[in-house]
Amino acid sequence: AAIVRLPEELTTTPGGVNLQWVGTRGPLKGLRSNELQISVRQGTTPICTLDTTEGAIVFELLPDLAPNHVANLIELAQKGFYDGVLFHRVAPNFMIQCGCPEGTGQGGPGYSIAAEFGDTEFKKGVVGMARTKDPDSAGSQFFICVADSAHLNGEYTAFGRVIHGQNVADAISRKRCRP
């Protein structure tokens with residue numbers, strides 16, 4: 001079996017990358033939806049902070065669960081891929097989703113990464129990678145569960161969990177996304 005490891009500088013060197021996602025269409029046009037700060041906590045666990053108009057959401061990335069998905073998010077963030085991207089899908093009592101460069105839910109980085117399914121249960125606060133019906137079609141879109149979602153277990157890749165600001169994700173999930 002192959003072992004995938006994050007580059008050493010991502011797990012031991014403190015640092016960060018700022019990203020700003022701004023609504024470009026529909027009812028969220030012009031709204032600064034969030035800012036993503038990737039940094040390192042305690043020298044090992046990458047942390048993302050999404051500073052939204054509703055407040056901050058902090059989640060830790062879990063490379064032990066899904067090393068390729070964690071490395072992919074960090075790489076895209078460092079390249080500025082998420083600049084100007086917004087929450088394009090909000091579903092009360094389910095999840096909030098972002099990472100589509102088109103704002104439609106149809107876009108991605110131009111490549112797909114293989115699923116890293118595990119036994120993590122998709123409970124409130126779990127961060128997972130969005131995909132199409134093809135299990136190996138994840139790219140850039142991710143979601144934060146705002147409710148337990150057992151139907152996702154074993155079907156989607158979990159790669160993080162909210163450690164602060166779940167109430168903010170919940171508030172965002174109740175916002176109108178489309179007219």
Charged-residue dipole, Cβ positions (Lys, Arg, Asp, Glu), the stretch 110-179 about Cα centre, Debye nearest 20
520
Kindly provide log₁₀ I(q)/I(0) values, in the same order as q = 0.13, 0.18, 0.19, 0.22 Å⁻¹, from the Debye equation applied to equal alpha-carbon scatterers of the stretch 128-179.
-0.38, -0.71, -0.77, -0.97
Under the Karplus curve 6.51 cos²θ - 1.76 cosθ + 1.60, θ = phi - 60°, whole-Hz ³J(HN,Hα) for the stretch 91-107, x wherever Gly or Pro sits
9, x, 6, 9, 6, 10, 10, 8, x, 8, x, 8, x, 10, x, 9, x
Taking placed amide H atoms and a strict 5 Å upper bound, the residues 5 or more places from I47 or on another chain that come that close are S39, V40, R41, L61
At 1.4 Å probe radius, can you tell me the per residue accessible area of the stretch 73-179 in Å²?
47
With contacts defined as alpha carbon pairs under 8 Å and 6 or more residues apart, what's the relative contact order of the stretch 44-98 in percent?
19
Rh (Kirkwood; distinct C-alpha pairs) - the stretch 80-144, Å:
12.4
Taking the Cα atoms of the stretch 44-171, what is the range of coordinates along each of the three principal axes, in descending order and whole Å?
33, 32, 32
Under 5 Å between amide H atoms, partner at least 5 residues away or on a different chain: which partners does G125 have, H built in plane at 1.01 Å?
C145, V146, A147
Residue by residue through the stretch 144-152, which ³J(HN,Hα) values in whole Hz follow from phi under the Karplus form 6.51 cos²θ - 1.76 cosθ + 1.60 (θ = phi - 60°), with glycine and proline marked x?
10, 6, 10, 7, 4, 9, 4, 5, 8
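The values are calculated or read from the model by the stated rules, or taken from the named source; none is laboratory data. All of these numbers come straight from a predicted model, not from anything done at the bench. Heads up, the Cβs are rebuilt from the backbone with ideal geometry, glycines too, and the neighbour counts pull from every protein chain shown. Accessible surface is based on the protein model in full, side chains and every heavy atom, while ligands, DNA and RNA are left aside. Shrake-Rupley method; radii C 1.70, N 1.55, O 1.52, S 1.80 Å.
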